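**Student:** Here's a structure for you.
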Amino acid sequence: MLIPEPRALRSLLTRYADLRIAEARGEKRDGRLLDDVSYTLCVATGTTRIEDALAAADVLLAASRARSARPAPSRTARTAPELAA
């Protein structure tokens, strides 16, 4: 599975949330917009249900944050065998 860019995933989640909030407020909008965003979230996360897509998006974004929080390895870092020599 291709992993979506975190920025694109956050954008989809924001659009989904905005549309759901508008729907809950009773705002009249084209219902296809929410269907389209839901479908795109499912495709981006490799799921078939929006509930699963939202959970998968959370996991993917958390993993992305964890990767970016790790310090980059030092160019002078030594491996264990080098240290034993």
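The values are calculated or read from the model by the stated rules, or taken from the named source; none is laboratory data. Note that the structure is a prediction, hence the values are computed from the model and not measured. For accessibility, only protein heavy atoms count, side chains too; no ligands or nucleic acids. Shrake-Rupley method; radii C 1.70, N 1.55, O 1.52, S 1.80 Å.
**Student:** Give me the 1.4 Å probe accessible area per residue for segment 7-70, excluding ligands and nucleic acids, in Å².
**Tutor:** Ligands and nucleic acids excluded, the figure is 70 Å² per residue.
**Student:** May I ask you to compute the full-extension gain from ALA22 to ALA62, defined as 0.36 nm times their residue separation minus their alpha-carbon distance, rounded to one decimal in nm? Let's see the in-between values first.
**Tutor:** Details: separation 40, 0.36 × 40 = 14.40 nm, distance 2.68 nm.
Residue separation times 0.36 nm, minus the Cα-Cα distance, leaves 11.7 nm.
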